[in-house]
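The values are calculated or read from the model by the stated rules, or taken from the named source; none is laboratory data. On a predicted model such as this, the values are computed, not experimentally measured, just so you know. Neighbour counts are summed over all protein chains in view; Cβ atoms, including those assigned to glycine, are modelled from backbone coordinates with ideal geometry. These accessible areas exclude ligands, DNA and RNA; they are computed on the full protein's heavy atoms, side chains included. Shrake-Rupley method; radii C 1.70, N 1.55, O 1.52, S 1.80 Å.
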Amino acid sequence: MRVLIVGSGAREHALAWGIARSSSLTELHAAPGNPGIATLGHCHPVRADDGVGLLDLARTLAVDLVVIGPEAPLVAGVADELRHAGVAVFGPGAEAARIEGSKTFAKDVMDAAGVPTAATLGVARPPCVVKADGLAAGKGVFVCRTGEELDAGLKAAAAFGGRLVIEELLEGREASLFALSDGRYAAPLGAAQDYKRAGDGDTGPNTGGMGAYSPVEWLDDADGLVERIHQPVIDELARRGTPFVGCLFAGLMVGEDGPRVLEFNARFGDPETQVLVPRLEGDLLEALAAAARGEARGADLHAGAKAAVTVVLTGPDYPQRSDYAGAPIQGVEEAEAGGAIVFHGGTAVRDGSVVTNGGRILSVTALAPSVPDARARAYEAVGKVSFEGARFRRDIASAAG
């Protein structure tokens, strides 16, 4: 199969890494891709949100499958544009992607499907959670336990534009649970726990994700949760005439009264994909292609016994700024020689050398028989990678178990 991956982040590099291991792959392409993906296939200067350009590229390359990574092109309808032209796509259409693109829509779907979630509040009063209704790159959720935090949260959420959603504050432990869907069936893919706050001890502002680990050993019956949480949403979207084909990602809060959904996302997570894909056993490309043609039930793909930990290296001012560019990056080859996998997130090539070009620069991932062992190997690899101003959390997976 000829495959085109849409996107340029570490998530897309991880998907490319997994797809490149398939015996079914004949050519791997990416738009626009990044220097890490360029070591696995061919990158093309077409933006992820350029539906016309992507369709022209897919036709020129005669690709058999397009895999869309980021949420913005999905919500904008890029999958629809390709699918309507006869191109096979892994990724939901715009109407189904509203499960991520609109918190209000997601609430309506969950209520109709009978999926447990946080109650919507009519008045903003602490403690509560303030959310921007639309896409916010993982930075539009504000936990408000005091009046001061509420004032700041309302102001910050309003800056994204659009409606605000006020919810009850759920307490417990968070996990990300993934499933592949062909529009009718939700196939379990595994769980991970990510770290959203910028600083150690879950301090500082929310980010797109500072690291993750998998498996989540304290999450009981993950496959059963997919049946109880993902499948009813897949059924409801199909009932509405907007079948969901792609990766459905539930952010869960597991408290004393069981799991409740914090949010749904319409794609693979970042940085969760960087720990999920290396753990997968089976053929990732075959599974994605099966979902795209409506046959996910027969896909042979599951998380293996090994554990994985990823640590994200960012620029010095992330998440306030995501444009840290031009700093040379050293040590990637040494980290990989030691057994780590280094996924590129915000990098570029300048004068033949890889340099920083974004906010979350690299995701350094390690595999091992247990989460603590994977954590040790990941941080050993992180110690070999450097660029001026590099920042990372030092407590990723420290409390796993």
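Could you tell me which residue of the stretch 180-190 is surrounded by the fewest Cβ atoms within 10 Å (Cβ to Cβ), considering only residues that are of a type outside the set (S, T, N, Q) and within 13 Å of F268 (Cβ to Cβ)?
It comes out as G190.
Report, by residue number, each residue of the stretch 1-16 that is in a helix (DSSP H, G or I) and either without any contact (Cβ under 8 Å) to a residue 40 or more places away in the chain or β-branched (V, I, T) (or both).
Passing the criteria: only A16.
With the condition kept exactly as written, say whether any residue in the stretch 274-294 is surrounded by fewer than 22 Cβ atoms within 10 Å (Cβ to Cβ), free of Cβ contacts under 8 Å to residues at least 60 places away in the same chain and in contact with an Asp or Glu (Cβ under 7 Å, 6 or more places away or on another chain).
Yes, the stretch 274-294 has at least one match.
Tell me which residues, restricted to the stretch 151-179, are among the aliphatic types (A, V, I, L, M), out of contact with any helix residue (DSSP H, G or I) (no Cβ under 8 Å at 6 or more places or on another chain) and open to solvent by 10 Å² or more (accessible area, probe 1.4 Å).
A152, L154, A156, A158, A159, I166, L169, L170, listed by residue number.
Return only the number of the condition from (1) out of contact with any Lys or Arg (no Cβ under 9 Å at 6 or more places or on another chain); (2) modelled with pLDDT of 95 or more; (3) over 21 Å from I396 (Cα atoms); (4) not small (G, A, S) that E295 does not satisfy.
Of the numbered conditions (1) out of contact with any Lys or Arg (no Cβ under 9 Å at 6 or more places or on another chain); (2) modelled with pLDDT of 95 or more; (3) over 21 Å from I396 (Cα atoms); (4) not small (G, A, S), the odd one out for E295 is (2).
Looking at I68, I19, which one is in contact with a Lys or Arg (Cβ under 9 Å, 6 or more places away or on another chain), farther than 18 Å from N357 by Cβ and in contact (Cβ under 8 Å) with a residue 24 or more places away in the chain?
From the options I68, I19, the qualifying one is I68.
Give the residue that is farthest from the chain's Cα centre (by Cα), with candidates limited to residues of the stretch 219-252 that are among the aliphatic types (A, V, I, L, M), open to solvent by less than 30 Å² (accessible area, probe 1.4 Å) and closer than 14 Å to G183 by Cα.
L237
Looking at the structure I just gave you, is G199 farther than 28 Å from G282 by Cβ, touching a residue at least 60 places away in the same chain (Cβ under 8 Å) and either open to solvent by 20 Å² or more (accessible area, probe 1.4 Å) or of a type outside the set (V, I, T) (or both)?
Answer is yes for this residue.
Do we have any residue at all in the stretch 41-60 that's open to solvent by 40 Å² or more (accessible area, probe 1.4 Å) and touching a residue at least 60 places away in the same chain (Cβ under 8 Å)?
The answer is no, given that none of the residues of the stretch 41-60 is open to solvent by 40 Å² or more (accessible area, probe 1.4 Å) and touching a residue at least 60 places away in the same chain (Cβ under 8 Å).
Could you count how many residues in the stretch 96-121 are surrounded by 18 or more Cβ atoms within 10 Å (Cβ to Cβ) and out of contact with any helix residue (DSSP H, G or I) (no Cβ under 6 Å at 6 or more places or on another chain)?
Looking only at that region, the number is 5.
Failed condition for A88, given (1) under 22 Å from R11 (Cα atoms); (2) open to solvent by less than 20 Å² (accessible area, probe 1.4 Å), with all others met?
Every listed condition holds for A88 apart from (2).
Pairs please, first residue from the stretch 324-344 and over 14 Å from A381 (Cα atoms) and modelled with pLDDT of 95 or more, second anywhere and open to solvent by less than 20 Å² (accessible area, probe 1.4 Å) and in a helix (DSSP H, G or I), Cβ atoms under 7 Å, 6+ apart in sequence or on different chains.
Every condition considered, the pairs that remain are H344/A10; H344/H13.
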